[in-house]
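Working notes for the structure below.
The values are calculated or read from the model by the stated rules, or taken from the named source; none is laboratory data. Bear in mind the structure is a predicted one, so any value in this text is a computation, not a measurement. Cβ: placed from backbone, ideal geometry, glycine included. Neighbour counts: every protein chain shown.
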């Protein structure tokens with residue numbers, strides 16, 4: 001499965017993930033986003049998206065370990081994320097909105113959702129793979 005993870009670059013950027021190599025993805029509070037985290041499997045492909053002023057997909061990652069309960073939040077879920085490569089060129093939200101492959105995507109419909117499933121075609125559009 002393919003997923004898009006949103007993060008505010010000033011809080012935790014793709015560059016931070018790349019420097020650390022792996023990280024625990026936590027702090028997700030939206031019920032649907034938590035459900036998506038629980039649906040992840042080791043090896044799933046991820047796109048890291050910067051919110052805020054950037055509003056663009058910037059890098060790739062993978063799920064490094066199966067989701068588990070968040071020790072800091074009994075309702076929460078965390079997942080280990082392993083950094084991949086930065087995208088050759090960031091893909092902006094405007095570019096995704098203009099692409100037919102994103103029509104009906106939760107990324108565009110539920111703008112505040114921090115964990116979004118991607119179709120293989122959407123993943124390919126963003127990553128160029």
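Brief remarks on what is shown
- Strands (runs of 3 or more DSSP E) (entirely within segment 10-108) containing at least 3 residues that are touching a strand residue (DSSP E or B) at 6+ places or on another chain (Cβ under 9 Å) and more than 20 Å from residue 119 (Cβ to Cβ): 22-25, 56-70, 73-92
- Filtering segment 66-80 for residues that are within 25 Å of residue 102 (Cβ to Cβ) and either out of contact with any helix residue (DSSP H, G or I) (no Cβ under 8 Å at 6 or more places or on another chain) or surrounded by fewer than 14 Cβ atoms within 10 Å (Cβ to Cβ) (or both) leaves an empty set.
- Residue that is nearest to residue 60 (Cα to Cα), among those in segment 119-129 that are part of a loop (DSSP other than H, G, I, E, B) and either out of contact with any helix residue (DSSP H, G or I) (no Cβ under 9 Å at 6 or more places or on another chain) or in contact (Cβ under 8 Å) with a residue 60 or more places away in the chain (or both): 128
- Of residues in segment 2-14 being in contact (Cβ under 8 Å) with a residue 12 or more places away in the chain and over 12 Å from the mean Cα position of the chain (by Cα), the one surrounded by the fewest Cβ atoms within 10 Å (Cβ to Cβ): 10
- Selected residue (only one of 116, 91, 47 is in contact with a helix residue (DSSP H, G or I) (Cβ under 8 Å, 6 or more places away or on another chain) and over 15 Å from residue 7 (Cβ atoms)): 91
- Condition met for residue 113 (modelled with pLDDT under 95 and either in a helix (DSSP H, G or I) or surrounded by fewer than 14 Cβ atoms within 10 Å (Cβ to Cβ) (or both)): no
- Selection of segment 15-28 for residues being under 17 Å from residue 57 (Cβ atoms) and surrounded by fewer than 21 Cβ atoms within 10 Å (Cβ to Cβ) yields 15, 16, 18.
- Filter pass, residue 89 being under 17 Å from residue 123 (Cα atoms) and surrounded by 14 or more Cβ atoms within 10 Å (Cβ to Cβ): no
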